[in-house]
Structure formats: C-alpha cells, structure tokens
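The values are calculated or read from the model by the stated rules, or taken from the named source; none is laboratory data. No experiment lies behind these values; they were computed from the predicted model shown. Positions of Cβ are backbone-derived with ideal geometry, glycine not excepted, and every protein chain shown enters the neighbour counts. Areas reflect the complete protein model, heavy atoms only, side chains present, ligands, DNA and RNA absent. Shrake-Rupley method; radii C 1.70, N 1.55, O 1.52, S 1.80 Å.
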Amino acid sequence: EAANLAYYIDQLQLLTSTVRTPIESAPPDTLVNDTSGAFVGTSIINNKLVTARSNLSGSDLRAVFTGNLDAGGKRPRWSKDGQLIGVLENQLQSEPGEQSSTNWAQITALTLMNADGSNQHELYRTIGKKLVPGIPPGCVPPRTDCIQEVPAIDSFILEFDWSPDGTTLALNICSNARYSNGHTNDSICTIQFLDVATGSLQATKITAATGVHWSRANRLLYRVGIEGPLLYGKAKGIYEADMSVNPPAERLVFAHISRIKTFEDVAPTWSPDGRYFVTLRFILGNHYKADASSDTNLAIMLFDRENPDNPRQLM
C-alpha cells in the first residue's frame with residue numbers, strides 16, 4: 001500500500017528573499033516618552049557583538065561591555081534599583097603551556113559594572129574539570145590501545161538574577177560531561193546564591209532548577225525539566241520559591257502536562273508587581289522557511305499566580 005502513496009503540490013510561491021515578520025508599528029508612546037529607565041541587552045555596534053544599553057524608545061544605543069572572554073557577554077541583568085548591571089561570559093578553559101590534547105571544560109565568568117559601564121570587575125567564576133582525552137595522552141579511537149577516557153566536567157551559569165535588595169545573586173549553575181569528540185550529555189542544574197559583597201556562595205541550594213527570575217515580592221520563579229523526576233523526585237513544571245524563609249519554600253505553580261520529551265513552558269518571567277508571570281510555550285509541530293530550514297513554534301503565555309491553572313495566550 002505504501003507504494004501507492006502520492007504527493008501533490010497544493011501551492012507554489014516564488015520568493016526573491018527570505019520572508020520576515022514585518023514590524024507592525026512604532027514603539028508605544030508610553031515607551032517613547034518615558035525617560036525613567038533603559039533597556040540592556042546585546043547588540044551589534046561597529047560590527048562587533050557587545051552588551052549595550054538604550055533608552056526605552058530604542059534611542060541612545062551605546063556599548064557598555066565589549067567582553068573579556070567571548071563576544072560581548074550574554075544575559076545582561078539590571079539590579080532592581082537600576083544602579084548595576086551583571087553580565088555573563090562563557091569560555092572553554094585554556095591556560096598557557098597546556099598541551100594541545102587537553103580537553104577543556106566550559107566555565108562562566110560573572111562581571112558587574114555600573115549602569116554606564118564603568119567600574120567593571122569580575123565577581124565570580126565557575127570551576128570546571130579538565131582532562132587529557134585518552135590514556136596515554138591524546139589517545140582516541142580508532143586506536144585500539146586507548147583506555148576509556150574520563151570526561152571533562154563543564155560548570156557554567158545558565159541564568160542569574162538579582163535579589164530585591166541587591167545584596168544577593170541567584171545563579172543557575174549547570175554541569176555536564178564533555179568528551180574529546182565534542183559530545184556533551186544532559187545538564188544537571190541547581191540554583192545557588194552568591195553574596196555580592198564577598199563573591200562567596202552561600203550554603204542554600206535549590207535542586208533540579210532551570211532558569212531563575214527573582215521578583216520584588218521576594219519569590220524566585222524557575223522550572224523543573226526532564227531531569228527532575230529522574231534524579232530528585234520532583235514533578236515537571238513551573239515553580240516558585242518563597243525566599244523570605246530559610247530554606248526557601250518551594251511551590252509547584254503549574255505542572256507540565258506534555259508527554260513528549262520536551263519542555264512545555266520555558267523562560268518563566270515575573271511581571272514587575274510579582275502578581276503575573278509569562279512563559280514561552282513550545283507548540284507541537286514546526287514550519288519550514290524558504291531556505292528549507294525549520295522553526296519551532298512558540299507562544300507567549302500569561303499566568304496569574306493566584307489562578308495559575310488557566311493561563312492566557314498573548315501571541
């Protein structure tokens with residue numbers, strides 16, 4: 001029966017360029033006329049990817065951090081009072097004099113600076129475990145006399161956010177194995193807390209947590225993915241943690257209901273008042289572009305933390 005299967009072209013469209021989503025309108029007047037705040041993010045300035053800031057209208061775009069370890073940093077985050085910016089940089093560890101066969105581990109450096117980019121200083125750096133792939137050194141397949149290699153261990157900061165009083169940073173620190181052929185396994189992530197004054201990690205940890213957003217109401221928002229049920233006995237979903245008690249009181253806000261091996265909701269983010277939060281939701285299926293590549297479908301979902309079981313799709 002399969003031999004009788006036929007495909008018919010339903011529609012043909014000739015494209016002279018890639019189809020892009022148009023910009024529907026100018027920024028809202030409330031943003032154009034608001035001079036009380038600024039955006040911080042990544043941008044290309046003078047053909048270089050940098051961390052930049054601009055007014056809420058998008059004007060006065062200027063670089064504040066060009067980067068020390070990689071291309072301009074990533075995940076820049078304001079302190080709640082708007083006085084400081086934190087930014088992450090990833091790097092595969094390499095040191096002078098190391099043999100070329102060393103399998104480097106990925107690490108992350110966290111740099112703080114003033115809102116205008118001045119007074120830049122590294123506050124914290126993760127520590128990975130490097131290895132020499134293969135025994136004897138550099139011995140990798142297809143040679144048959146190699147002893148099985150021990151993987152390097154990456155240790156990197158996936159995400160971070162500031163406490164309401166600016167004294168503490170919540171770091172989402174993840175680890176995974178890295179082999180000489182470049183293969184890495186799934187990451188295991190925890191939330192740890194860094195004292196801004198001393199640069200020291202506190203003893204408190206939240207396990208099986210991915211992503212982190214700290215509200216002004218002193219609640220952390222994060223998700224538990226596929227590693228939670230296997231390693232920690234946690235249900236998949238979006239969680240909040242009340243940081244006014246020690247240890248933090250965790251609460252499952254919205255349980256993932258998807259049976260497929262992907263996350264249903266990711267990137268949970270609080271509204272400024274801490275009453276609502278949004279997520280990016282993976283929608284089953286994808287669509288193909290003119291260059292034959294495919295995109296995953298995403299929706300923005302709005303949750304009321306007082307009634308989280310009935311989210312509303314914004315787009």
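Would you be able to tell me the number of residues in region 79-98 that are in a strand (DSSP E or B), open to solvent by less than 50 Å² (accessible area, probe 1.4 Å) and either farther than 20 Å from Ser155 by Cα or modelled with pLDDT of 90 or more (or both)?
So the answer is 5.
Looking at region 220-231 only, could you name the residues that are open to solvent by 40 Å² or more (accessible area, probe 1.4 Å) and modelled with pLDDT of 95 or more? Can you show your working first?
The initial filter retains those residues of region 220-231 that are open to solvent by 40 Å² or more (accessible area, probe 1.4 Å), namely 226, 229-231.
None; the set is empty.
State whether one or more residues within region 152-163 are of a type outside the set (Ser, Thr, Tyr) and outside any strand (DSSP E or B). Break it down stepwise before answering.
Just the residues of region 152-163 that are of a type outside the set (Ser, Thr, Tyr), to begin with: 152-154, 156-162.
Right, trim to outside any strand (DSSP E or B) and you get none.
Taking every residue of region 152-163 in turn, none turns out to be of a type outside the set (Ser, Thr, Tyr) and outside any strand (DSSP E or B).
Please work out which one of (1) open to solvent by less than 20 Å² (accessible area, probe 1.4 Å); (2) modelled with pLDDT under 90 is the condition Pro76 fails and give its number.
The failed condition is (2).
Might you let me know whether region 157-175 holds any residue that is at pLDDT below 90, farther than 22 Å from Gly82 by Cβ and not charged (D, E, K, R)? Walk me through it before giving the result.
Taking region 157-175 as the starting set, the residues that turn out to be at pLDDT below 90 are none.
No, the conditions are met nowhere in region 157-175.
Name the residue that is most open to solvent (accessible area, probe 1.4 Å), counting only residues in region 155-189 that are more than 18 Å from Asn90 (Cβ to Cβ) and of a type in the set (S, T, N, Q).
Asn181
Arg216 fails exactly one of the following numbered conditions: (1) touching a Lys or Arg at 6+ places or on another chain (Cβ under 8 Å); (2) outside any loop (DSSP other than H, G, I, E, B); (3) open to solvent by 40 Å² or more (accessible area, probe 1.4 Å). What is the number of that condition?
Condition (2) is where Arg216 drops out.
Which one is nearest to Arg216 (Cα to Cα) among residues in region 144-154 that are open to solvent by 40 Å² or more (accessible area, probe 1.4 Å) and among the aliphatic types (A, V, I, L, M)?
Among those residues, the one meeting the criterion is Ile153.
Restricting the search to region 128-139, which residues are in a loop (DSSP other than H, G, I, E, B) and either at pLDDT 70 or above or under 12 Å from Arg178 (Cα atoms) (or both)? Break it down into steps so the answer makes sense when it comes.
The first filter runs over region 128-139 and keeps only residues in a loop (DSSP other than H, G, I, E, B), leaving 128, 130, 132-134, 136-139.
Listed by number, the residues that qualify are Gly128, Lys130, Val132, Pro133, Pro136, Cys139.
Just give me the residues in region 192-202 being surrounded by fewer than 16 Cβ atoms within 10 Å (Cβ to Cβ) and part of a loop (DSSP other than H, G, I, E, B), in sequence order.
We begin by selecting, within region 192-202, every residue surrounded by fewer than 16 Cβ atoms within 10 Å (Cβ to Cβ); these are 195, 197-202.
Scanning region 192-202 gives Ala197, Thr198, Gly199, Ser200.
Of the residues Ser57, Ser43, Ser36, which single one is modelled with pLDDT under 75 and surrounded by 10 or more Cβ atoms within 10 Å (Cβ to Cβ)? Even if it seems obvious, please write down each step before you answer.
On the way: Ser43 fails: modelled with pLDDT under 75; Ser36 fails: surrounded by 10 or more Cβ atoms within 10 Å (Cβ to Cβ).
Every option except Ser57 fails the conditions.
Residues in region 177-191 that are within 15 Å of the chain's Cα centre (by Cα) and part of a strand (DSSP E or B): how many?
Result for region 177-191: 4.
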